[in-house]
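Trainee: There's a structure below that I have some questions on.
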Amino acid sequence: MSRLVSSSVLLSLLVPTTFASTMAEDLKAQADRWIELERRTADEAARWRTEKEVLETSIQVLDREQAGLRTRLDANAVAAELFQSRLAQTESGLREQTEANAALAARCREIEGRLLALAPSLPPPLAAKIDTMMKKLSRPADERAAGAAERAQMVVSILSSIDLFNNTLTLTHELRPAADGTTIDVKVLYWGLAMGYAVDAPGSQAWLLSPGPQGWTWTPREADAPEIARLFDIYEKRVRPDLVELPVRVAGGAR
């Protein structure tokens, strides 16, 4: 440094020459010590300024991070409030859906029971068509993999099939045992769910079919065989349309 003087010049100014020999070393040591302290002070001041700049920069960074955290916390608080609102709505909707499913399941069980009770009195062609679905309904509740919605859809499908069959005429062929022990092929015309007529190929044997709790009853009507055979001819358009008098069974009676 410019303000510092060398130890030899300082020594010549402060003490007489006669004492230079005895005081030179002490004064030089003190001057060197003072110079060292000045240097260390300058170094510490420079280090402090550097560390101060680093700390100020760190504080600025931390302030920015803190501001960002506050912004995110505010946004998270809004999101949490929105989530709680959506959660409450979802839970409410789930409860309503659960109650609706329970009501639907109860209604389905009621209809299923009635369908199973009705099954024996259904015409065989219709019973064969809905057999797979009816078997699913007849399983115990703990063995059903289908949920309430699927079961309801299955019940609706069965009821639709029954309603369609009940509002149409259905012509089928069935095998019947003959008096001689053989099997004959007969044509059957189902009049919806109410009754049916059957006739053999020659038109000599005829039956009146009626539903019952144990299945369909075949009542021989040989006296009406010609008219019943004519009914099939008209239905299959082999002859011109005409009025035909046929036996009818209503509510367990026959006419």
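The values are calculated or read from the model by the stated rules, or taken from the named source; none is laboratory data. Because the structure is a prediction, the values reported are computed rather than measured. Positions of Cβ are generated from backbone atoms using ideal geometry, with glycine treated the same way; all protein chains shown enter the neighbour counts. In case anyone asks, the SASA skips ligands and DNA or RNA and just uses the protein heavy atoms, side chains included. Shrake-Rupley method; radii C 1.70, N 1.55, O 1.52, S 1.80 Å.
Trainee: Sorted by mean Cβ packing within 10 Å, highest first, what order do the peptides 43-51, 116-124 take? Let's see the in-between values first.
Mentor: Working: 43-51: 10.0, 116-124: 16.1.
So the peptides 43-51, 116-124, ranked by packing, come out 116-124, 43-51.
Trainee: Along the three principal axes, how long is segment 70-162 when you take its alpha carbons, biggest first, rounded to the nearest angstrom?
Mentor: Principal-axis extents of the Cα atoms in segment 70-162, largest first: 76, 24, 19 Å.
Trainee: With all pairs of different alpha carbon atoms counted, what Kirkwood hydrodynamic radius in Å does the chain show?
Mentor: That comes to 28.8 Å for the chain.
Trainee: Given H placed 1.01 Å from N in the peptide plane, which residues other than close sequence neighbours of TRP191 have an amide H under 5 Å from its amide H?
Mentor: Under 5 Å from the amide H of TRP191 lie the amide H atoms of GLY196, TYR197, each far enough along the sequence or on another chain.
Trainee: Run down the lysines and flag those whose C-alpha is under 20 Å from the C-alpha of LYS187, throwing out any fewer than 8 positions away in its chain.
Mentor: Qualifying lysines at Cα under 20 Å: LYS129, LYS237.
Trainee: Can you work out ³J(HN,Hα) from phi for every residue in segment 122-136, in order, using Karplus 6.51 cos²θ - 1.76 cosθ + 1.60 and θ = phi - 60°, giving whole Hz and x for Gly and Pro?
Mentor: 7, x, x, x, 5, 4, 5, 5, 9, 4, 4, 5, 5, 5, 5
Trainee: A further question follows. Can you tell me the accessible area per residue over segment 70-111, all protein chains present, probe 1.4 angstrom, in square angstrom? Could the numbers behind the result be given before it?
Mentor: Numbers: 3510 Å² over 42 residues.
Accessible area per residue, segment 70-111: 84 Å².
Trainee: Further question on the same structure: For segment 169-185, take each phi angle, set θ = phi - 60°, evaluate the Karplus expression 6.51 cos²θ - 1.76 cosθ + 1.60, and give the result in whole Hz per residue in order, putting x for glycine and proline.
Mentor: With coefficients 6.51, -1.76 and 1.60, one gets 9, 10, 9, 9, 10, 9, 9, 10, x, 8, 5, 8, x, 8, 10, 10, 8 Hz.
Trainee: Could you work out the local net charge near ARG176, counting Lys and Arg as +1, Asp and Glu as -1, over the other residues with Cβ closer than 12 Å to its Cβ?
Mentor: Values: positive: LYS187; negative: GLU174, ASP185, ASP200.
It works out to a net charge of -2.
Trainee: Now, a different point. Can you bin segment 153-255 into rounded, prolate or oblate? Criterion: square roots of the alpha carbon gyration tensor eigenvalues sorted a ≥ b ≥ c, rounded for a/c under 1.5, prolate for a/b above b/c, oblate for the rest.
Mentor: On the way: a/c = 1.66, a/b = 1.38, b/c = 1.20.
Cα axes put segment 153-255 in the prolate bin.
Trainee: Now a separate question. With a cut-off of 8 Å between alpha carbons and a minimum separation of six or more residues, what is the relative contact order of the chain in percent? Let's see the in-between values first.
Mentor: Numbers: 210 pairs, mean separation 25.4, N = 255.
It rounds to 10 percent for the chain.
Trainee: Relative to the present Cα-Cα distance, how much length would full extension add between GLN214 and ALA194 at 0.36 nm per residue of separation? Walk me through the numbers before you get to the answer.
Mentor: Values: separation 20, 0.36 × 20 = 7.20 nm, distance 1.49 nm.
Taking GLN214 through ALA194 to full extension adds about 5.7 nm, to one decimal.
Trainee: Could you list which residues have their amide H under 5 Å from that of VAL248, counting only those 5 or more apart in sequence or on another chain, with H placed in the peptide plane?
Mentor: ARG255
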